[in-house]
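The next block holds one structure in the form of structure tokens; read it before the comments.
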Amino acid sequence: MKAKRFFLGILILIFATLLVSTKLEIISFHFKFWTIVLTVLFVFLLAQGIGYRRISQTVFSIAFLVILYAKELGVQALGTWTIILVAGLVSVGLSMIFKSFGRNKKWDWNWKHKISSFETDTSEKKIKINESMSSSVRYVKASNLERVAINARFASLKIYFDNVELQNDEANIFINGSLSEIMLFFPREWKVFVNINSVFSEVNTGQEEENVFEKKVYINGNLNLSELKIRYI
């Protein structure tokens, strides 16, 4: 956390320096205000993506920096959407490559994530889980669960539902994920129905059809440049 604040502080100081230098015409190259703001943001996200070993965050941070400086880099002919499409393909390709080495820790992109744990203990029917620019594990405890809303942005999120009772043996889960990895862990006796609108995203249900299902869960929502994994315990 200290390193994160230190790096962000350095970026803010660079932003201030560039802004003043541009206004006083100390430097010949003129930066627009929002160009500086977005540059600082995407450089921060790039550094964080590399530090946390998040493929999508790293690749798309680079892509947006290329879009910002397309003229200076001489790649204007590519166009914004081509760069975004290429970034999506690169992100998916790298994810598949590193996943193929998943059993070897030195190749595991997520191996050194720092995971913090939270526990939700509630009798409420509706639960909201929000995660942004971090990695975490959530343990949901509920006696009458009806609906769960999950919002993840630039996040790596694991949620366990093995200590949950469902209202009328059914529940609805709505997911809104952007540049994130979301893993949901359910009891084997639950039947999961997935209906996700995805853009450059991957959904892996991993359910065995021969299981005996006693409860039903309906998963809906939107995924943008993200991955949803469902596992059974």
Answer with yes or no whether Tyr218 is farther than 16 Å from Ile129 by Cβ and open to solvent by less than 60 Å² (accessible area, probe 1.4 Å). no
So which of Lys114, Lys99 is modelled with pLDDT under 85, in a loop (DSSP other than H, G, I, E, B) and not aromatic (Phe, Trp, Tyr)? Lys114
Pairing a residue in the range 54-79 that is in contact (Cβ under 8 Å) with a residue 40 or more places away in the chain with any residue that is open to solvent by 80 Å² or more (accessible area, probe 1.4 Å) and of a type in the set (A, V, I, L, M, F, W, C), where Cβ atoms lie under 9 Å and the two sit 6 or more apart in sequence or on different chains, gives Ser56/Phe200; Gln57/Ile50
Evaluate the range 146-160: report whether one residue or more is surrounded by 14 or more Cβ atoms within 10 Å (Cβ to Cβ), over 17 Å from Ile127 (Cα atoms) and modelled with pLDDT of 90 or more. no
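The values are calculated or read from the model by the stated rules, or taken from the named source; none is laboratory data. Everything quoted here is computed from the prediction, not taken from an experiment. Methodologically, a virtual Cβ is constructed for each residue, glycine included, from the backbone with ideal geometry; neighbour enumeration extends over all protein chains shown. What goes into the accessible areas is simple: the full protein's heavy atoms, side chains included, and nothing from ligands, DNA or RNA. Shrake-Rupley method; radii C 1.70, N 1.55, O 1.52, S 1.80 Å.
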